[in-house]
1. Order 749-758, 324-333 from most to least packed using the mean count of other Cβ atoms within 10 Å.
2. Under 19 Å from the Cα of K794, which lysines turn up, not counting those fewer than eight places away in the same chain?
3. Only Cα pairs under 8 Å and at least 6 apart count here; give the relative contact order of segment 651-742 as a rounded whole percent.
4. Take each of the peptides 713-723, 106-116, 826-836, average the number of other beta-carbon atoms within 10 Å over its residues, and list them starting from the highest.
5. What ranking, highest mean first, results for peptides 633-645, 866-878, 616-628, 811-823 when packing means the other Cβ atoms within 10 Å averaged over each residue?
6. Amide H of V782: which non-local residues (sequence gap of 5 or more, or other chain) have their own amide H closer than 5 Å, using H built in the peptide plane?
7. Quick one: what are the phi-derived ³J(HN,Hα) couplings along segment 335-343, Karplus 6.51/-1.76/1.60 with θ = phi - 60°, whole Hz, x for glycine and proline?
8. What's the exposure ranking of D747, D261, D774, going from fewest to most Cβ atoms within 10 Å?
Amino acid sequence: MPPAAPLAHPTEAAPPREWWQVWAQRRAEWWAARPVLALRWARIRAVSLWVGLVWLLGLLVLVPDVRVSVRAWLGCAWVVIAWFFLARTKTLTWSAYLRFFTACIPWSIGIGVLSTWLAATVLEVRVGGSGPTVGIASVAEETLKLVPVALVALLAPRRASRFATADWLLLGLASGTAFLLAEETLRRLRLSGGGLIGLLERLLHGGGLPDDWIRFRTWPVPTDWEQAGAGFGGHGVVTAIVTGLVGLALVAVRQVRGRSDRVAVLVRVGAVAAPVMGLVVAIADHAAYNGGGSGSNDDGTPFWLDPATTHVPWWVRASWSAFGHGHFRPTVFVLLAFVLLLVDGARLARVPSAALVETPRPDWVDQAIVRCNIAAATWPAALRHVPAVVTLAVLGTAWVVVRDWTTALAAFAAEPGESRRVAAQRGLTAVTAQRAARELGYERLAGPVDVTVRRGVAAGALVVLLLGALVLAPVTASGLDTLYDHPSWLAGVMDAVGRWWHSQSLGTQILVGAGVVALVALSGGSLGVALGVSGVLTWGLDKSHGIATWLRDPRQATRDYLLTATPFQMLMDGVAIATTFVPGSFIRSRGAAAVRGAVDDVAEDPGLWLAQKRSTVQNAPVQNPVRAGASHQVSKKSITDQVSFQANEHTQALAPRQAAAAAHSANRAAVAQKLDVLTDAGLSVSRPDLVNRQIDGTVRRLNNAIRTDQSLSPERSAALRQHVAELEEAARAEHASSTALNRASADLGEAAGRDALRSQGADIVVDGADAGRDTIDIVGLVHERDQLLFVEAKGGGGRLSTAGRLLPDNTRAPQGSPAYLADVVRVDKALQQWLHDNPDIVQGLMDGTVRPRYQLVHATAKGTVRIFELTVDPTLIRQAIT
């Protein structure tokens, strides 16, 4: 019996688009209506970025003072980019992410300007005083770094509801690292050219960085800072921890949506407390680090921490003391990123349709969860499903990541004779489509979105952050004594660099200013274009004509590419082309044809593909495998030797099945022979290209390749076209014979099942042969009427379906498990009618005088019949018939 179709929910209308999506679509349509202008602008932009790159290189040569600063810029950019690629469950697009990072750079400068104003105007002190460095720097900087993230949630609430938890971490990392970029760039500029101070520091440190300054490494996490025993994880790290906790809190709140019990209340309170506490700890770490140079008492207590010598608020001192003195924050960040990856992976594993090519969750994941639940069955109720949740997170994430990687590699794999550029474009389209499918999965998990509530929460968070910067920061700073000078926070650095700037000539100022513009453009301009198709799926506009252009006129396409490609676009395209050199096994893999077919659908009409994919994901139920228990496990025992099998119908069905197998083997051999002929002729074609939905496209592609091959003589061309026609005929015959073989195998298994029941002294009471889904294959009642036998009949290569059926509790039960049988009994109309007509059997099942049995009967292709006893749960059967 085939597995049941998934339970469906009504498809909701597509949500209204955000204002920026409408604006982006209108902008794209405006450019599409002016192709000549668009081409000119693309060329101007590409030339400008190339000039900017050359200008930046010249700046490094002509103005040595900026070299160390540019290294900081590159280090920060590496941190942001590396974590973007490490976050495999994200939904942020490449272009949007880098634009957000770039926009946060001038905002970071604004934070420095605002901090300077608070120190000079509100407190009327210089920026190097302890009030600004401890009070304003810690509170204002840590709160204002979160403002861009809060603005995203406020301005795009629907899009924010579709964020992965990793997206929140990435946004915080981008905002915090942009601040670090601004601070470190100016700080190093001050070291390189800051007058007498810069000269002395260069002499003392041999022209390099001081030992305690931040350094960027290949590992994309900056080193932990330390000063006088106080640690600080760095701006990017601490801000990412706070926003990562926000993403985790949102997922937790969704899990208790609609509940009002004590656990739900505690979860909601914790969801608010965790990010707030993270922000408080970040402020305390920052304040302690900035205040670490103030000296200490005779007993070693820092002046700023001793209540007798400081006015630093108690909540800062208590938080710093309770949470490890600011140490190990990079380790916390990495662990949090790993936890968020597991959370996202577990969520995506519950919606297998949220992928470019839908693939059922592997049975080994579900069976591992079942074993965990069986092992923890005696645990307290609150902890009973914890092992299953962890197992789903680990194994589900591993499956999702591997599935997406193999899909991408299959798309990147270049077929024999195919242009590497075409394969790279297809791979990039597949990667973008995967991201869009993940976003749809998170949308399905998020459920209905109340925009008003979301905007209200985001606005409230924004107000709190601004109050912290504009009110709490000066209040905190006003009571602090001036213990030391610490000009290395951003406002202090800006003050020192300002003096250096005014000492430079006009020519140097113009050169450096243009270099800054080039860096900003190169950071957020061309990198976002490198992947090319990210905006296609979001706005549903067809911009995926690149593959067709390269196939139609490669010379013109190459010329246009060289005129419009930006520096980083060429770099990223080079990486994409290198990816096309994957092993040929990916081309020949069973799923490769499905991947290429899906990419073709995206390229043909991305808007239609996105709408269809959204409908599929919205109609797919959210699975809940963590509740699967022992009743979801298949356990079978052979009883073939215990049954005296008497063949009757089985013998009659065996000959047709053998004939169908012989015909199918002959057709497969014919297809293989034609494939050899065409591949020997240099044409790219393999068996995956001949699946039913691919035949027409494959035939068109082969005929086009033959027609456009100028090296073929007319006779050779005609012969090859004839071979293509014969291949099409043989492939269609193979599909028809495969269908006939499957039908003959099913008939063989059902015939053996009926014979097996009769051999056990049972009468057939319900025959579900050819009845379709939601039916038991065969049901028999023994003559004594004390045993009711349910039979799963399989013939030939048929096996029990590991995908099984989705149950009302959104768990998935494999075929042959007690839960699977009980659910089919519940919905089998013919069986329910028979039970209604035989109330004595129903009563016997209820009181135990009638024993339910579950069997698998498998008729092999060689003519043998094997019978297995499957596990049945009488309690579930009683629930199914009441």
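1. Working: 749-758: 25.9, 324-333: 19.4.
Ranking the peptides 749-758, 324-333 by packing returns 749-758, 324-333.
2. Counting by Cα, and skipping residues close in sequence, K794 has these lysines nearby: K636, K637, K862.
3. Working: 61 pairs, mean separation 42.0, N = 92.
46 percent.
4. Numbers: 713-723: 13.2, 106-116: 19.4, 826-836: 16.0.
The peptides rank, most packed first, as 106-116, 826-836, 713-723.
5. Working: 633-645: 13.4, 866-878: 17.8, 616-628: 19.5, 811-823: 24.4.
So the peptides 633-645, 866-878, 616-628, 811-823, ranked by packing, come out 811-823, 616-628, 866-878, 633-645.
6. D763, Q787, L789
7. 5, 5, 4, 5, 5, 5, 4, 5, 4
8. The most exposed by this proxy come first: D261, D774, D747.
A short reminder: the numbers here are calculations on the coordinates, not readings from a lab. The structure displayed is predicted, hence computed values, not measured ones. Glycine also receives a Cβ, built like all others from the backbone with ideal geometry; neighbour counts cover every protein chain displayed.
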